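The values are calculated or read from the model by the stated rules, or taken from the named source; none is laboratory data. Note that the structure is predicted; figures quoted are calculated from it, not measured. Heads up, the Cβs are rebuilt from the backbone with ideal geometry, glycines too, and the neighbour counts pull from every protein chain shown. Side chains included, ligands, DNA and RNA excluded: accessible areas come from the protein's heavy atoms. Shrake-Rupley method; radii C 1.70, N 1.55, O 1.52, S 1.80 Å.
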Amino acid sequence: MLIGELARRTGVATRLLRYYEEQGLLRPHRDANGYRSYPESAPAAVARIRDLLAAGLNTEEIAQLMPCAEDDGPVQACEMSVRIMADRSVELDRRIAELDRQRSHLAAQLDASLATAAEQPRHLAATGRSSLQSARNHAAERR
């Protein structure tokens, strides 16, 4: 199938399909006229690529996983795939912990700001009562 047909079947733009090819994720054959010709398994490969991207893997990691992938199914548990996915999982856990730390720090800043605003009515005119109430409601929802 040609790139336009693959784009239609997958809902992925032709430009993105070319990018996947540049990254070594898709390997179309070239016809005599130079057109890209994709196998019937290409829509499943594109779906797998999209799924792995959504899981937080980058295109370099996905390219390394492709030898462990079958045409129709999940990435098989080979040494490389397990290492790549485990490493990414650890990295995501680290990022989540950092975001939790940042959210807690921001919540403390917001709480301090709200306490100060409650003690100083002149801030109500500057920030507006609705903004202050909205911030209080948001802070209460977090708890």
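Values as computed for the structure displayed
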quantity: FRET E, pair Ser41, Arg95, Förster distance 25 Å, beta-carbon r, rounded to 0.05; calculated: 0.15
quantity: Carbon/sulfur fraction of accessible area - the stretch 1-121, other protein chains in place, 1.4 Å, %; calculated: 52 percent
quantity: FRET efficiency, 1/(1 + (r/R0)^6) with R0 35 Å, evaluated for Asn33 and Gln64 via beta carbons; calculated: 0.60
quantity: Relative contact order for the stretch 17-59, counting Cα pairs under 8 Å that sit 6 or more residues apart, in percent; calculated: 31 percent
